[in-house]
1. Condition first: without any contact (Cβ under 8 Å) to a residue 60 or more places away in the chain and among the β-branched types (Val, Ile, Thr). Now tell me which residues in segment 19-59 satisfy that.
2. So which strands (runs of 3 or more DSSP E) are wholly in segment 121-181 and hold at least 2 residues that are surrounded by 15 or more Cβ atoms within 10 Å (Cβ to Cβ)?
3. Considering each residue of segment 21-60, count those that are surrounded by fewer than 11 Cβ atoms within 10 Å (Cβ to Cβ) and in a helix (DSSP H, G or I), and give that number.
4. Which residue, of Val99, Val94, is touching a Phe, Trp or Tyr at 6+ places or on another chain (Cβ under 6 Å), in contact (Cβ under 8 Å) with a residue 40 or more places away in the chain, more than 29 Å from Arg167 (Cβ to Cβ) and of a type in the set (Val, Ile, Thr)?
5. Could you give every pair whose Cβ atoms fall below 8 Å, whose first residue belongs to segment 68-90 and is in contact (Cβ under 8 Å) with a residue 12 or more places away in the chain, and whose second residue is among the aromatic types (Phe, Trp, Tyr) and not in a loop (DSSP other than H, G, I, E, B), counting only separations of at least 6 or pairs across chains?
6. Counting just the residues of segment 1-20 that are in contact with a helix residue (DSSP H, G or I) (Cβ under 8 Å, 6 or more places away or on another chain) and among the charged types (D, E, K, R), which one comes out surrounded by the most Cβ atoms within 10 Å (Cβ to Cβ)?
7. Quick check: anything in segment 58-67 among the hydrophobic types (A, V, I, L, M, F, W, C) and either more than 19 Å from the chain's Cα centre (by Cα) or at pLDDT 95 or above (or both)?
8. Determine whether segment 72-95 contains at least one residue that is outside any helix (DSSP H, G or I) and closer than 23 Å to Glu22 by Cα.
Amino acid sequence: MAKHKDNARGYAESIYAVAEIENAVELLEDQLFEIGKGISGTPDLRSFLDNKDVDAAAKKKALGEILTAQTSPIIRSYSDMLIDSGKGGELAGVAEAFVSLSQEKKNKVLAEVTSAVSLTPELTDKLKDTLAKNTGKNISVKNTVDAAILGGLIIKMEDKIIDLSVRRRLGALQDSLRSNL
């Protein structure tokens, strides 16, 4: 596992160097965050990209159907390179390593915030300020929408998860009711 993280970090550093030259670090960070979350959240896709029995052309075609027209050519090129070298299954790890590297370069900590609806810019700023005040760190917020949490927030930051979701609260209430019956 450590070797995969080292490989992912190496690829991320290479992509970052190109992104700096192209003045596209922020764009790639946003796009790779979404791509990484999409692949990580879809085990079948991750397995497909990692499957040695599936040829590279089929993997590129499948990934091409997922990527939008706005996806950076840099991402497309590196994705193709990973697939051609038999490392398509590492794409989510490379995306995660890139986002982490980008945050480090900005001396920030990423807070991945999942909410039932998209956060407004005002709420994002307020959350960023609150987290910064409570941690003493510079915070960058990336919002992912997941209606399944019903309401509230799930905040992932460094090695911590703060689950303030309605789904968790309802689950706890349901468990409490079951144990009292």
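The values are calculated or read from the model by the stated rules, or taken from the named source; none is laboratory data. None of the values given here were measured: they were computed from a predicted structure. A quick note on method: Cβ atoms are made from the backbone with ideal geometry, for glycine too, and the neighbour counts reach across all protein chains shown.
1. Hits for segment 19-59 are Ile21, Ile39, Thr42, Val54.
2. The strands (runs of 3 or more DSSP E) meeting that bar are 139-145, 153-157.
3. 4
4. Val94
5. Going by the 8 Å Cβ cut-off, the qualifying pairs are Tyr78/Tyr11; Leu82/Tyr11; Glu90/Tyr11.
6. Arg9
7. Yes, some residue in segment 58-67 is among the hydrophobic types (A, V, I, L, M, F, W, C) and either more than 19 Å from the chain's Cα centre (by Cα) or at pLDDT 95 or above (or both).
8. The answer is yes; a qualifying residue exists.
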